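This report refers to the structure that appears directly beneath it.
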Amino acid sequence: MFDFSIVTQWFDSLLRDTCGLGDFWTILIECVVVGLLILVGYALIAIALIFMERKVCAYFQCRLGPMRVGPWGILQVFADVLKMLIKEIFFVDRADKFLYALAPFLVLIGSVGAFAFLPWNKGAGVLDFNVGVFLLTAISSIGVVGIFLAGWGSNNKYSVVSAMRGAVQMISYEMSLCLCLITAVVLTGTMQISGIVEAQIGPWRWLLVQGHIPAIIAFLVFLVAGNAEANRGPFDMAEAESELTAGHHTEYSGMGFGFFYLAEYLNLFIISGIAATVFLGGWAPINIGIAAFDNVMDYIPGIVWFMGKTFFIVWLLMWVRWTYPRLRIDQILKLEWKYLMPLSLVNLVLMTVVVALGLYIK
């Protein structure tokens with residue numbers, strides 16, 4: 001498995017030794033390069049997800065989806081991006097202009113911050129702290145504030161209702177998300193994202209296999225709660241078009257709306273990436289204990305494993321969205337507080353017992 005830290009160390013030595021730059025300029029240039037890579041990757045993945053969503057939706061509805069712009073409709077998303085960039089950005093009368101303008105940036109900051117925690121390959125994690133799971137959940141929570149401020153600052157009754165729905169839904173389902181991640185931390189013994197992946201390297205070492213029943217339960221609950229956290233169907237009550245027009249971003253146009261649109265799709269990718277990292281080994285290859293097979297799998301780059309697992313989960317969540325009807329807000333909250341959170345608590349205790357008694361697969 002290729003270690004990407006070789007590339008980062010080479011770039012660091014190039015700036016320090018070859019170019020003769022000091023610590024300040026070296027760190028500044030490295031931060032700028034990493035920031036640009038994150039933003040470019042963020043935008044490209046958003047474009048790919050929007051196109052994938054349209055095609056998957058069309059497949060489930062027995063139609064073709066976008067086909068006119070470019071071969072197989074590939075350039076349709078780029079045309080939509082261009083249209084959004086040149087649209088006028090307006091402000092709403094009697095709105096709180098500061099909160100109205102701040103909300104899209106908070107949503108995007110929370111999404112980009114969580115995106116930076118994803119480990120793409122061995123040695124290719126941008127943010128990798130010893131309390132990574134804790135920081136990841138904390139930074140991703142910023143998006144809740146942005147959604148609430150968008151509805152409140154717009155001074156629109158539909159947007160306010162949407163903001164309240166979105167805030168209470170996302171805060172509620174964060175409980176189950178965190179409990180599922182803590183269940184994985186109990187099994188691996190670390191909160192560092194790279195440490196969780198490294199604990200899954202080897203034959204049959206994925207957490208779904210190691211932790212068997214409690215890990216499978218945590219994985220399934222995580223997918224359901226993650227879908228709700230990303231405001232995706234059937235949990236998209238905050239954007240219920242039949243009731244609230246466009247929800248909390250009804251009064252936004254141009255890139256103000258574009259930021260919400262980007263964050264929604266990237267939150268789907270982030271939830272899928274975290275699920276793939278924590279429960280399916282992330283960039284770790286599939287190893288089954290047969291030397292010839294394992295050697296071939298090790299030649300496949302880690303980023304291919306990570307992207308493959310992540311897009312597989314993305315496809316599962318899109319399948320769910322276009323299969324099940326939208327739930328009512330009372331059903332959404334009942335599902336979390338009466339079923340998912342108690343199940344997650346019991347499952348956490350079960351995982352603790354499994355680890356304490358050594359009943360997991362070693």
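The values are calculated or read from the model by the stated rules, or taken from the named source; none is laboratory data. Please read all numbers here as calculations on a predicted model, not as lab measurements. FYI the Cβ positions are ideal-geometry reconstructions off the backbone, even for glycines, and counts take in every protein chain you see. Please note that ligands, DNA and RNA were not included when accessible areas were found on the heavy atoms of the full protein model with its side chains. Shrake-Rupley method; radii C 1.70, N 1.55, O 1.52, S 1.80 Å.
Have a look at SER140, ILE270, PRO214 and report the one farthest towards the positive end of the charge dipole of the chain, computed about the Cα centre with Cβ charges (Lys/Arg +1, Asp/Glu -1).
Positive-most Cα among the choices belongs to PRO214.
Order LYS122, LYS362, LYS309, LYS97 by their accessible area, 1.4 angstrom probe, all chains in place, largest first.
Details: LYS122 75, LYS362 160, LYS309 20, LYS97 115 Å².
Ranked list, largest accessible area first: LYS362, LYS97, LYS122, LYS309.
When only the heavy atoms of the protein chains count and the probe is 1.4 Å, how do TRP315, TRP305 rank by accessible area, highest first?
Largest accessible area first, the residues go TRP315, TRP305.
What figure, in Å² to the nearest 10, do you get for the accessible area of ASP330 with a 1.4 Å probe and non-protein molecules left out?
Counting only protein heavy atoms, ASP330 exposes about 80 Å² to solvent.
Could you put ILE193, ILE86, ILE201 in order of accessible surface area, largest first, with the 1.4 Å probe and the full protein assembly present?
Greatest to least solvent exposure: ILE86, ILE201, ILE193.
What length, rounded to one decimal in nm, is gained on full extension from LEU14 through to ARG63, with 0.36 nm per residue of separation minus their alpha-carbon distance?
Once the chain is fully extended between LEU14 and ARG63, it gains 12.4 nm.
Please sort 256-264, 128-136 by packing, taking for each peptide the average over its residues of neighbouring beta carbons within 10 angstrom, highest first.
Put in order of decreasing packing, that is 256-264, 128-136.
Within straight cross-link reach of LYS55, meaning Cα distance under 25 Å, which lysines are found once same-chain residues fewer than 8 apart are removed?
Of all the lysines, those that pass the test against LYS55 - Cα under 25 Å, at least 8 places apart if same chain - are LYS83, LYS309.
Accessible surface of HIS212 in the full protein assembly, 1.4 angstrom probe, to the nearest 10 Å²?
Number for this one is 60 Å².
Round to the nearest 0.05 the FRET efficiency obtained for TRP72 and VAL296 when R0 = 25 Å and r is the Cβ-Cβ distance.
0.20
Under a 5 Å amide H to amide H cut-off, with H placed in plane at 1.01 Å, what residues pair with GLY125 once short-range neighbours are removed?
TRP120
Under a crude label model (7 Å from the Cα following the beta-carbon direction), how far is LYS338 from LEU357 in nanometres?
Label at LYS338, label at LEU357, 3.1 nm between them.
Taking the full set of protein chains and a 1.4 angstrom probe, give the accessible area of ILE182 in square angstrom, rounded to the nearest 10.
About 80 Å², rounded to the nearest 10.
With a length cut of 18 Å (Cα positions projected on each helix's long axis) and a Kyte-Doolittle mean of at least 0.5, go through the chain and give me the DSSP H helices that pass.
Once both thresholds are applied, what remains is 23-60, 97-115, 157-188, 212-229, 254-279, 302-321, 341-356.
Between the stretch 121-160 and the stretch 254-317, what is the C-alpha centre distance in whole Å?
Cα centres, the stretch 121-160 to the stretch 254-317: 20 Å.
What spacing in nm lies between the two simple spin-label points modelled at ASP93 and ALA79, each 7 Å away from Cα in the Cβ direction?
About 3.6 nm, to one decimal.
Given the Cα-Cα distance of ILE86 and TYR324 and 0.36 nm per residue of separation, how much length would full extension add, in nm?
82.1 nm
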